[in-house]
Amino acid sequence: MTTNADGPQTRPRRRAPAGAAVLREDVTEAIRAAVFEELAAVGYARMSIEGIARRAGVGKTAVYRRWRSKLHLVLDIVSALAVQGLPAPDTGSLEGDLRLLYEVTSRALRHPVASQIIPDLQAEAARNPEIHEAMQKTLREGQDGVATTIVAAAERRGEVRAGLDRELALDLISGPLYWRSVVIRGPRLPKEYLGALARATAGALKAL
């Protein structure tokens, strides 16, 4: 048995450099999951390191070894979402790519945890510049990468003109669904809404 910074281990692990603490990945992931659950349950303002540690089944020191405050913990997790992004569709047509993107995004935004966390973090972002910057990075990088891929594929197929305004294209692709699902938080989308939105957005992009 070996012992590391988070407790005893039953399997031998590679020796860390002298003086370095070995942080167990399973503990790190448990803490990350606990942050999402805690945010959804109590919101950022009431969230505490103690509550996160209790939900993750670890001591507070395990959290503080990884992040020095709840702000840095949330910023790290929010920023990581930008790296993950959304899967880029490849259906063979602009309308098909948009439809698939909207289906995936809509399911993600309807998730009970996401539907509570995103508005709460947006409210905090209005008061905290660091959270604002991290949220902007998440929303822009995650959506921009997928939108750029969709538009580039449409250009190669000749569905849209080459060199169209990518910023405007991103607004057209991402804006309506985000407005409907996150900003006004309307009722469940009608059955044909995503298909109609895909057709309308494809038409708008072709007109640029």
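The values are calculated or read from the model by the stated rules, or taken from the named source; none is laboratory data. What you are looking at is a predicted structure, and each value in this text was computed from that prediction instead of being measured. Cβ sites come from the backbone with ideal geometry, for glycine too, and all protein chains shown count toward neighbours. All accessible areas refer to the heavy atoms of the entire protein, side chains included, with ligands and DNA or RNA removed. Shrake-Rupley method; radii C 1.70, N 1.55, O 1.52, S 1.80 Å.
Using a probe of 1.4 angstrom and keeping all protein chains present, the accessible surface of region 93-208 works out to 53 square angstrom per residue.
Give, as a single signed number, the net charge of other residues whose beta carbon lies under 9 Å from the beta carbon of Leu94, with Lys and Arg counted +1 and Asp and Glu -1. Intermediate results must be reported in sequence, preceding the final value.
Values: positive: Arg157, Lys206; negative: Glu95, Asp97, Glu159.
Residues close to Leu94 contribute a combined charge of -1.
Within a straight-line Cα-Cα reach of under 21 Å, Lys70 can be paired with the following lysines, leaving aside sequence neighbours fewer than 8 residues apart in one chain: Lys60, Lys137.
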